[in-house]
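Comments concern the structure below.
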Amino acid sequence: MSTNNLDQLAAAQKANAEVTMALMRTAFEGMEKLAALNMAASREFFNAAVANTQQVLSAKDAQELAKINAAVAQPNVQKLMDYSRSVYDLVTQLQHEVTSVMDAQYSNFSKKASATIDKTSAQAPVGGDVFAAAMKSMLDATNQAFGNMQNMAKQMTEIADANLQAASTATAKAVNAGSTGKKK
């Protein structure tokens, strides 16, 4: 194996290690943010449960108990929706960061592969141009597939966002309708 090939192999391994470290760093930061979000939400839900229990225990009759239950339901649903939205935002942010790293890595790979094919085809013996054309065709197909994958991921993110918005709106309407109906 030539020194040039060893240098290329070492450079490729270094680039792969850097990408792996970037992805691991992103994953750990995401896990840290999710743990902090879960701790804050757990604390908030616990405090709300204690306060709600105290209110329920202070009820004098069934009618007052029903009013208390209706009064605490809406904030709890809203807190749950806020938590869900925060988790969704965190996952979306992590997806964006991972996608950025992968896009940069794939773009770099594609450029290097194209340059290598061009260099190899220029040095190839007669008939080598057929191999180079086949490799370019494969690279183009791979680029197209990667682009299609990116578009599909973007569409899935948009669909998930629209579904979250619709669920949030429907839940808010249902809670408001339920609390309005009980107040009458």
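Let's see how each residue does on (1) part of a helix (DSSP H, G or I); (2) among the small types (Gly, Ala, Ser); (3) over 28 Å from THR171 (Cβ atoms); (4) in contact (Cβ under 8 Å) with a residue 40 or more places away in the chain:
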{"position": "ASN4", "(1), (2), (3), (4)": "yes, no, yes, no"}
{"position": "ALA12", "(1), (2), (3), (4)": "yes, yes, yes, no"}
{"position": "MET24", "(1), (2), (3), (4)": "yes, no, yes, no"}
{"position": "MET31", "(1), (2), (3), (4)": "yes, no, no, no"}
{"position": "ALA48", "(1), (2), (3), (4)": "yes, yes, no, no"}
{"position": "VAL56", "(1), (2), (3), (4)": "yes, no, no, no"}
{"position": "LYS60", "(1), (2), (3), (4)": "no, no, yes, no"}
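In this structure, does SER114 turn out to be in contact with a Leu (Cβ under 7 Å, 6 or more places away or on another chain) and either in a helix (DSSP H, G or I) or surrounded by 15 or more Cβ atoms within 10 Å (Cβ to Cβ) (or both)?
On the way: in contact with a Leu (Cβ under 7 Å, 6 or more places away or on another chain): yes; either in a helix (DSSP H, G or I) or surrounded by 15 or more Cβ atoms within 10 Å (Cβ to Cβ) (or both): yes.
Judged against the criteria, SER114 is a match.
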- prompt: Could you list, in sequence order, the residues of the range 132-184 that are of a type outside the set (D, E, K, R), farther than 19 Å from ASP89 by Cβ and at pLDDT below 75?
  reply: ALA132, ALA174, VAL175, ASN176, ALA177, GLY178, SER179, THR180, GLY181
query: Can we say THR20 is farther than 22 Å from MET102 by Cα, free of Cβ contacts under 8 Å to residues at least 40 places away in the same chain and among the hydroxyl-bearing types (Ser, Thr, Tyr)?
result: no
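Let me confirm something: among ALA51, ALA27, which residue is closer than 30 Å to MET102 by Cβ and either surrounded by 13 or more Cβ atoms within 10 Å (Cβ to Cβ) or among the aliphatic types (A, V, I, L, M) (or both)? Let's see the steps before the verdict.
On the way: ALA51 fails: closer than 30 Å to MET102 by Cβ.
ALA27 is the lone residue from the list that is closer than 30 Å to MET102 by Cβ and either surrounded by 13 or more Cβ atoms within 10 Å (Cβ to Cβ) or among the aliphatic types (A, V, I, L, M) (or both).
Would you mention how many residues in the range 84-100 are among the small types (Gly, Ala, Ser) and either in contact with an Asp or Glu (Cβ under 7 Å, 6 or more places away or on another chain) or surrounded by 14 or more Cβ atoms within 10 Å (Cβ to Cβ) (or both)? Step through it out loud before you land on a result.
Initial filter on the range 84-100 (among the small types (Gly, Ala, Ser)): 84, 86, 100.
Those still in the list that are either in contact with an Asp or Glu (Cβ under 7 Å, 6 or more places away or on another chain) or surrounded by 14 or more Cβ atoms within 10 Å (Cβ to Cβ) (or both) too: 84, 86.
The total comes to 2.
Kindly indicate the residue of the range 72-102 that is within 29 Å of LEU57 (Cα to Cα) and in contact (Cβ under 8 Å) with a residue 60 or more places away in the chain and also nearest to the chain's Cα centre (by Cα) among those meeting that condition. Explain how you work it out, then say what you get.
Narrowing the range 72-102 to residues within 29 Å of LEU57 (Cα to Cα): 72-83.
Okay, now just the ones that are also in contact (Cβ under 8 Å) with a residue 60 or more places away in the chain, so 73-74, 77-78, 81.
Numbers: ALA73: 30, GLN74: 28, VAL77: 24, GLN78: 23, MET81: 18 Å.
Ranking the qualifying residues of the range 72-102, first place goes to MET81.
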- prompt: in a helix (DSSP H, G or I), surrounded by 13 or more Cβ atoms within 10 Å (Cβ to Cβ), of a type in the set (D, E, K, R) and without any contact (Cβ under 8 Å) to a residue 60 or more places away in the chain, is that true of LYS67?
  reply: no
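Condition test on LYS79, is it assigned to a helix (DSSP H, G or I) and among the basic types (Lys, Arg)?
On the way: assigned to a helix (DSSP H, G or I): yes; among the basic types (Lys, Arg): yes.
So LYS79 fits the description; yes.
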Contacts under 8 angstrom Cβ, first residue in the range 161-174 being touching a residue at least 24 places away in the same chain (Cβ under 8 Å), partner assigned to a helix (DSSP H, G or I) and among the charged types (D, E, K, R), 6 or more apart: LEU164/ARG85; SER168/ARG85
task: Considering every residue within the range 94-104, establish whether at least one is of a type in the set (S, T, N, Q), part of a helix (DSSP H, G or I) and over 21 Å from ALA27 (Cβ atoms).
output: no
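The values are calculated or read from the model by the stated rules, or taken from the named source; none is laboratory data. Note that this is a predicted model, so its numbers are computed, not measured. Cβ coordinates were reconstructed from backbone atoms using ideal geometry, including for glycine residues, and neighbour counts include every protein chain displayed.
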